[in-house]
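No value in this document is a laboratory result; all are computed from the given coordinates. The structure displayed is predicted, hence computed values, not measured ones. Positions of Cβ are generated from backbone atoms using ideal geometry, with glycine treated the same way; all protein chains shown enter the neighbour counts.
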Amino acid sequence: MTGTLDDNRTPFGRNPRHFGIDPDEPWPDDVPMDQDDTRWRYQGDPKGAKKAERRIAAAWTVTLLASMGLAAVYVDGANTQLAGLCWGLAFGGLGVGLILWARDLMPGHDVIASRGHHNVSSEADRVAVAESLGRGLDPMARRPFLFKMLGAVGGVFGLAIAFPIASLGPRPHRNLYKTAWGKGVRAVTLEGKPIRPSELPVNGILTVFPETDPSDALSPTLLINLGDADYETPPERVGWNIPIDGKTGIVAISKICTHAGCPASLYNVVTHQLVCPCHYSTFDVLQLCKPIFGPAARGLPQLPIAVDAQGFIVAQADYSRAGGAPVGPGFWNRG
Amino acid sequence: MSTTEERIAAQKRYRAAKAGTDTVDERLGSSKFLTSVLDKIFPDHWSFMVGEIAMDSLIVLIVTGIYLALFYVPSSKEVVYAPTSGHVYIPLVGQKMSEAYESVINLSFNVRFGLIMRQAHHWAALIFLAAVFFHMARIFFTGAFRKPREINWIIGLLLWQIVALEGFTGYSLPDDLLSGTGLRVIYSIIESIPFVGTWLVYALWGGRFPGTSLIPRLFVVHEFLFPLLIIGLLTAHLMILWHQKHTDFPGPGKTETNIRGSRIWPQYALKAGGLMMLVSSVIFLLAGFVQINPVWIYGPYQPYTVSAGAQPDWYLGWQDGAVRLWPHWEFRSFGHEIANPFFPGLLLPGILLSIMFAWPWIDKKIYKDYKAHNLLDRPRDKPFRTGVGAAAVTLFSLLTMASGTDIIANNLHVSYEAIVVALDYLVIIGPVVAFIIAYKACQRLQEADFHPIQRPVGGVIYRTPDGGYHTVGDVHHGPSHDAPADTSASHGAGDNGDGGAGSGSERSVSAPAAGD
Ligand code: HEM
Ligand code: FES
């Protein structure tokens, strides 16, 4: 407790340039020597200062009222709009008051100081640090064998400690080539109901799932009744549809977009095009679902289907290479 | 002026304050440091507040985020929505959903102030990212990344990436239809990486999409890993800023070796606190009045459905746009394939980011300027850099627009295809045109500077000791349009190009500075 008013660092500006200026710091000759940073906006204007004080008080009163309002809103069922209003006003009043306080009644504006030697050291210091570093580096460099050894060991050990990462997930193997479909697996609706061909009207479209594992994410498939539309059938896909009255009838197409895996779910019955709403790849159903617009580069695979003894739609097999499998977007070993 | 009582009171306060700082000093020897903290000068320019706005929204994010985490259940376990008490959202009753989604629905409808906290968190994220973009643009266009501030440019870019990922992971946590669709696309993008893609997605998702491991993992990443990185990097960012001192625009009385502005104490301490309150105010007003991410309308995620008009949050729109616009290329040979999403999803952003990381050094080469700078460039003084920035902003905007092509097509009643084809050309031509326009505009503005009498644009007129006059424009750039500014000071020396050159007798006679 030794400070007196005559101390060099009084709060009231006996020494106008006491702030932050180190006397030992080099002082660029373009910095004014006698700045007074104790000035404030309404200094010498008591009326203005009083008004400023009132403005600040008013702003904080808003905060006070809004805080009380907030309590009322909470008790009264916490309406989101009213809560937002109260919160906004409370924060806003506080903020405005603080800023006005600083602007109108606080000193410390518009001062200039030297930047000093902010981030470069003297040459002596730079030499010193390089020498300290050398203290370790030289002995290390004298043992090149140990150095190389450390590199090799580090590499192997680095691989070894990566093993826990391998536990994060299974290895993909051929898993990505398979879906839950297979010989005789029934196609069921979202509700788990099997379907007869007669339930799908011409131009009808229905998303179906394999009964054995309806939640498998690569399996969702579209049944489309193409009626008598001219479906292009290469030899290896003959018999994959369920003909109705000798016409094309129902085909089954993977719903998983070959671009990035969204469900291609918008169907245009006039043009027989399927559109994926993610990036608008468009597939022509009549031409083996080949992509005709957008970023997808491959057609949607086709699932061979048939009717089982009870008259329900089943898969003849899983999606196969001939049908354009694997389902979904591409990956490195898809080939 | 002041009465005796006031003087005595002041003296008492002063003694009390000193007793406090002495107590600390006796333990930490901190007085010198604290003085430098309180006395620190921060320059006054509105554009320097943008970084602070980012920081303030980050604080709102952390506070509201902790609140949300107390209610959120990170689980993919399937449940059927059938609440027995409180408010029930009828349209979802009986639907299958994950526990995560259910917990978000309950937080929104059954926790008092839960919804406003959720909406404040989301709005804060959008404002945060907007502030980061704006901040980055300010740094770029004014050359604030130049030596000695390259490290902060790098840290800043890392922050931007992590912050965008943090936003994406948060957006994915509710496990609603929109976020699930976003995850599906990200899965495919990672899957498309040559060699390691499938291994990587199987490790991240714990198997085939969607699996049940991802939601709890996302929670850890969003709540712990990324926030840790963000706070760590931000601390470094601000410590470096503190140490190097802030840049400033050239103007009256400003040189490379001094700093002009207001003190931290009390000016910026109060003003920064006030700004934080104002940012919070705006966020909470938005949270109260403008609905955001109403996941109960989107419904729970199901791999077999998707809603049209699925868009990511705006700050990832440019990547989504690139994925939409990229031509249908895939490379297949020798039984291997590089699938389409790899190019727009990773390769293109990778290239653009690499250029951004390297920019401080590219910029040095272009302007043959390897010196340190504390005074900023006005964008017009560096037409080439400003042109590059304008091209980048244009590319970014066009790609973001491409993310909303279906919405644009619906609103303008034009075909979706027409818009995509138009944008395909525009993303190539647009940036070039923007570059040329910006370049020419900078040259015009510079020329206006050269004739301050014909077209006064403000600035400072100096009178030299021998009675001549020159303007700050002459100080700041040479006669050729693109010549590197020669105002840099070698460190520590009081030398200031031709502007300050030890001429303490120079006096500025006109004030308004053409700041930017
Ligand atoms: C998490 C996001 C970020 C936060 C919270 C943040 C915060 C800040 C703050 C408060 C400042 C000082 C005030 C100002 O100049 O606006 C600053 C300065 C700076 N920031 Fe950031 N920043 C972020 C991201 C970035 C990014 C993305 C970049 C650029 C790639 C960047 C580069 C810089 C640089 C170079 C400076 C020094 C500027 C100067 O001295 O003029 N920052 N940052
Ligand atoms: S996922 Fe279908 S177009 Fe991209």
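Structural remarks
- B:ALA69-A:ALA72 pseudo-label distance in nm [points 7 Å out on the Cα-to-Cβ vector]: 3.6 nm
- Built amide H within the under 5 Å cut-off of B:VAL79, gap 5+: B:MET97, B:SER98, B:GLU99
- Protection proxy ranking, highest mean first, for peptides A:299-312, A:216-229: A:216-229, A:299-312, where packing is the per-residue count of other beta-carbon atoms within 10 Å, averaged.
- Entry note, chain B: the mean residue ellipticity at 222 nm calculated from DSSP H runs of n ≥ 4, each adding -39500 (n - 2.57), is -19000 deg cm²/dmol after division by the residues and rounding to the nearest 500.
- Average projection, convex hull of the Cα set of region A:179-334: 8.6 square nanometres.
- A simple rule links phi to the HN-Hα coupling: the Karplus curve 6.51 cos²θ - 1.76 cosθ + 1.60 with θ = phi - 60°, which for region B:98-104 gives 7, 4, 4, 4, 4, 5, 5 Hz, with x for Gly and Pro.
- Cα shape, chain A, gyration tensor, a/c 1.5 rule: oblate
- Amide hydrogen neighbours beyond the local backbone of A:LEU303, cut-off 5 Å, H modeled: A:ALA252, A:ILE253, A:SER254
- Taking every C-alpha pair closer than 8 Å and separated by at least 6 residues, the mean separation divided by the residue count of region A:181-335 gives a relative contact order of 24 percent.
- Value of Rg to Rh for region A:123-166, rounded to two decimals, is 1.28; Kirkwood radius and Rg both from alpha-carbon coordinates.
- Taking amide H as placed 1.01 Å from N in the peptide plane, the amide H of A:CYS262 sits under 5 Å from that of A:CYS257, each at least 5 places away or on another chain.
- Helix-only CD estimate at 222 nm, as mean residue ellipticity for chain A, using -39500 (n - 2.57) per DSSP H run (n ≥ 4): -10000 deg cm²/dmol
- Sites counted here are GluC sites (Glu not before Pro) in a DSSP loop (not H, G, I, E or B) having no more than 16 other Cβ atoms within 10 Å; the longest part of chain A that contains none of them is A:1-190.
- Antiparallel DSSP beta bridges within the protein assembly as shown, as percent of all bridges there, nearest 5: 95 percent
- Volume per residue for the protein assembly as shown equals 230 cubic angstrom (convex hull of Cα atoms).
- Integer Hz, Karplus 6.51/-1.76/1.60 couplings in order for region A:207-224, x for Gly and Pro: 8, 10, 10, x, 4, 6, 8, x, 8, 4, 7, 8, 8, x, 9, 9, 9, 10
- Kirkwood hydrodynamic radius (C-alpha pairs) into Stokes-Einstein, chain B, 4 °C and 1.567 mPa s, D in µm²/s: 49 µm²/s
- Cleavage-rule hits, chymotrypsin sites (Phe, Trp or Tyr not before Pro), region B:348-405, DSSP coil, Cβ neighbours within 10 Å at most 15: B:TYR370
- Table column - 3J(HN,Hα) (Hz), region B:393-405, Karplus curve with 6.51, -1.76, 1.60, x for Gly and Pro: 4, 5, 4, 4, 5, 5, 5, 4, 4, 4, 5, x, 3
- For the residue pairs A:LYS193/A:LYS290; B:LYS271/B:LYS371; B:LYS254/B:LYS371, the C-alpha atoms sit more than 22 angstrom apart in A:LYS193/A:LYS290; B:LYS271/B:LYS371.
- Relative intensity of region B:1-105 on a log10 scale, I(q)/I(0) at q = 0.17, 0.19, 0.20, 0.22 Å⁻¹, equals -1.00, -1.06, -1.07, -1.09, per a Debye sum over C-alpha point scatterers of equal strength in the absence of solvent.
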